[in-house]
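Input: a single structure, listed below in structure tokens.
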Amino acid sequence: MSLKRLAIILILPVLTLMLRAETYTLYVSNQTTWSTFDLYAWGDSEAFGTWPGATYAATTTLGGTTYCLYPYSVSDGAAVMEMHLIFHNNVGENQPADRRRLITLTEPRDYYLAVTDDAITLLPAPDPATEPEQPDATPFNVDNTTPLSPHNRVIYELNLYDFTTAGTLAAAQARLPELRTLGIDIIWLMPIYPRSVQGRIGSLGSPYAPADYTAVNPDHGSLQDLQHFVNAAHDLGMEVWLDWVPNHTGLDHVWVTTHPEYYVRRNGAIQHPNDYGDVYLLDYSSAALCNAMTDAMLYWVNQADIDGFRCDYVSSPQIPVSYWQQAIPALQQNSRGKRVCMLGEADFTDQTRLYPAGFDYDYAWGFADGIKSVGTGTDATSARNALQTLLNALAANYGTMSRMTYLTNHDDIGNNFSSNYMTQLGSNVAPLTVLYFTSPGMPLLYNGQEIGLSSILNYFNRNTIPWSNVNHALHNTIRTLIALKHTQPALADGPASERAATRLLTTGNSSVLAYERTRGDNTLLVLLSLSNQPVNVTLSGINPRQYACILNSQTIASGCYITTESLSATPTIQLEPKGYRIYTNSVGAPDTYHIYVSNQTTWSTFDLYEWGIPNELFGAWPGATAAEQTQSDNMTWRDYPYSVAGGTTEVELNLIFHNNVGENQPADRRRLITLTEPRDYYLIVTDDAITEYNPTTDITSVAVGDRDAIGDKDTAPDRDKAHTATKHLRHGRLLIIRPDGRTYTVLGTRL
């Protein structure tokens, strides 16, 4: 099937574009000597966003010419338009090397353009008879995937002011299903607290100058709005983490007047950290301040069911490691059993004192700086070195911790008012995105990154993201990378026991980086090129077999596809300029099943917690507090979907249904059951029993152990007790009673 016939442009579901549109493509042959090659459009449609519009496009070769592909859309049936294009060597305004070429298009159709240093030339469409055939491709459904484990997740940084026009929690909540479709697992909300007015920078002030740690910024809504947002995210299977600012407060924080003893003073004056004039430095030699900070974090966990914190500037010399060593366990012990996840904003390889602090993740800051140091160049050496350094650090110091990987975040483009990562990296953005997503760690997306946002988000002011301006090739690349992160065991992060082996491969070309990641029987082969020219890459030591090419930069602008290829032990693979490929020996799309639960208890709350293999499907305690509802056999069921690796025939899912009114309180009730076969289950939970319901078999009741027999899985003795009770239930007391009075064990030992 030819690329031309594959050119079905997938429009991001979250966008509110025209209800009906015709899609065409600009085929652009870059024949310049420019160091960067950017495209900006205006007129009837700013199809490629604000300046510099489109810095990257997929490529294809037609009639012997390599073209960049820029899809664009116009109103259905439109016969005329006015679209102005500037092709631009974006090295800086009015610099000697700054070159621009402008053309105006007036008819909506496919165009073939050649851009040289001095001119733009319209080319005739290639003769289809000379067009090379592309391998047969199968559409790849990359949306709505769920992670195999908590170590296969993606985190998304969200600035409420920029994410929607309204800038509110309610408006962001309405768009949560779009993030779930994309595959987001964790939403990191940038600081939601009221911002200090005194010393304000810009029109909004800094989000990192809070005026009250236990209040919601009224611009965003209320505490109730936050609770609704969190509940909606949980219903969709996503966690919500808050941004925490432990080092300093705004100048008019409530503590300045109510607790002036919480601040560092010199000669009677409260100090500013790092000469930041809009914030005051907190004093961690004060035990009262330490307790107040921990209590403030617990406030959000217990009032809004927050799942974790991204902690700002944990490398501050003013915050002792001993504080975190006390605060993090206190969070875990006083959050009704909920596991609170902690991300520290520091590269611990540079701040080794922080390793024992108790964080779950740190920033792979040096890795990000290393891969971005390539800029718009063609040498991949620094990116390769950064990956090797990342691997070395993980092997040496990250036994139980993991790392967050990223290409950009609010610090990169929030405080740099002259450019952002799209202009800094140019057409290297896509291959470097592939690199950080497939390296060990939990990948981060900053809001707007998924559409290739090229504008600057200065967080001291409002900058609503132009969601209709989509870089389709980059967007489809990110969609595919999220699906791979979710479904490929070789991309798991987490503790050392979960990480894949990574092998850097020799390419014989300094512009090309190739590596292999393997865990169990799952292998991924990743290749990316920073060259401005097509390259042939010969690898060695590859396991010869059939592979699925699951990400191909040559076709990605047209959609997400899979092709099957047979690779030898020494394959030669051709990469187009700035091209990339990901191969896998197993597509690995998980099989998805459902646990349908009918709640027939009198409990005040109804929570679900799970552990086993695969584990923690529904998150930390209390796991899943709500679920989508469905109707079957005139009954209402809560629907808890879960996924396991394709072809899996055995699992161990330990489920606790729980009246989560507080540990060891009189009304605290728990019911535990173990599932061992991946399939759909229908379970009826009453105050005293769990019943497996079969629509074709009239099952009435199942006897189960009580709370005392089950114990609490959070401690080793109680976990053993729970497993013992489970075996007893499976082999002795877990019975189905049919209407005729006969009893039998449920499906042998499956339950």
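The values are calculated or read from the model by the stated rules, or taken from the named source; none is laboratory data. In this text, all values refer to a predicted model and were calculated from it rather than measured experimentally. Here the Cβ positions follow ideal geometry from the backbone for every residue, glycine too, while neighbour counts run over all protein chains shown.
For the stretch 654-669, a residue qualifies if it is surrounded by 13 or more Cβ atoms within 10 Å (Cβ to Cβ), modelled with pLDDT under 80 and either in contact with a Gly (Cβ under 7 Å, 6 or more places away or on another chain) or outside any loop (DSSP other than H, G, I, E, B) (or both), and exactly one does: D668. When L17, L3 are checked against the criterion of being surrounded by 19 or more Cβ atoms within 10 Å (Cβ to Cβ) and either at pLDDT 65 or above or more than 18 Å from D117 (Cα to Cα) (or both), L3 stands alone in meeting it.
In the stretch 568-585, of all residues being assigned to a strand (DSSP E or B) and among the hydrophobic types (A, V, I, L, M, F, W, C), the one that is surrounded by the fewest Cβ atoms within 10 Å (Cβ to Cβ) corresponds to I573.
Of all residues in the stretch 210-269, those satisfying the criterion of being in contact (Cβ under 8 Å) with a residue 60 or more places away in the chain, closer than 30 Å to A174 by Cβ and polar (S, T, N, Q) are T214, Q227, N231.
Yes/no per residue for (1) at pLDDT below 95; (2) assigned to a strand (DSSP E or B):
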site	(1), (2)
Q533	yes, no
N543	yes, no
A548	yes, yes
L551	no, yes
Q554	yes, no
T563	yes, yes
S566	yes, yes
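Just checking, which of S604, S598, S510 is more than 22 Å from the chain's Cα centre (by Cα), modelled with pLDDT of 95 or more and not assigned by TED's automatic domain parsing to the domain that holds Y398? I'd like the intermediate steps shown before the answer.
Values: S604 fails: modelled with pLDDT of 95 or more; S598 fails: modelled with pLDDT of 95 or more.
Residue meeting the stated conditions: S510.
In summary, G370 fulfils each of the numbered conditions (1) in contact with a His (Cβ under 9 Å, 6 or more places away or on another chain); (2) without any contact (Cβ under 8 Å) to a residue 60 or more places away in the chain with the single exception of condition (1). Put simply, of V240, V256, V314 the only residue that is part of a loop (DSSP other than H, G, I, E, B), among the hydrophobic types (A, V, I, L, M, F, W, C) and at pLDDT 95 or above is V314. The set of residues in the stretch 378-415 that are of a type in the set (S, T, N, Q) and assigned to a helix (DSSP H, G or I) comprises T381, S382, N385, Q388, T389, N392, N397.
Only one residue in L528, L539 is hydrophobic (A, V, I, L, M, F, W, C) and within 27 Å of N471 (Cβ to Cβ). Which one? Show your work before the answer.
Details: L539 fails: within 27 Å of N471 (Cβ to Cβ).
Testing whether each residue is hydrophobic (A, V, I, L, M, F, W, C) and within 27 Å of N471 (Cβ to Cβ) leaves just L528.
If the condition is being touching a helix residue (DSSP H, G or I) at 6+ places or on another chain (Cβ under 9 Å), surrounded by 13 or more Cβ atoms within 10 Å (Cβ to Cβ) and aliphatic (A, V, I, L, M), then the stretch 248-302 contributes V256, V264, I270, V279, L281, L282, L289, A292, M293, M297, L298, V301.
Residues are listed down the side, and each one gets a yes or a no for (1) surrounded by fewer than 16 Cβ atoms within 10 Å (Cβ to Cβ); (2) assigned to a loop (DSSP other than H, G, I, E, B); (3) aliphatic (A, V, I, L, M); (4) in the same structural domain as Q271 (by TED's automatic domain parsing):
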site: W324; (1), (2), (3), (4): no, no, no, yes
site: L331; (1), (2), (3), (4): no, no, yes, yes
site: L343; (1), (2), (3), (4): no, no, yes, yes
site: D347; (1), (2), (3), (4): no, yes, no, yes
site: G370; (1), (2), (3), (4): no, no, no, yes
site: T376; (1), (2), (3), (4): no, yes, no, yes
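The set of residues in the stretch 161-177 being assigned to a helix (DSSP H, G or I) and farther than 30 Å from T438 by Cβ consists of Y161, L169, A170, A171, Q173, A174. The residues of the stretch 520-531 include none that are surrounded by fewer than 17 Cβ atoms within 10 Å (Cβ to Cβ) and either under 21 Å from the mean Cα position of the chain (by Cα) or at pLDDT 95 or above (or both).
Counting the residues of the stretch 155-177 that are in contact with an Asp or Glu (Cβ under 6 Å, 6 or more places away or on another chain) and crowded, with 22+ Cβ neighbours inside 10 Å gives 1.
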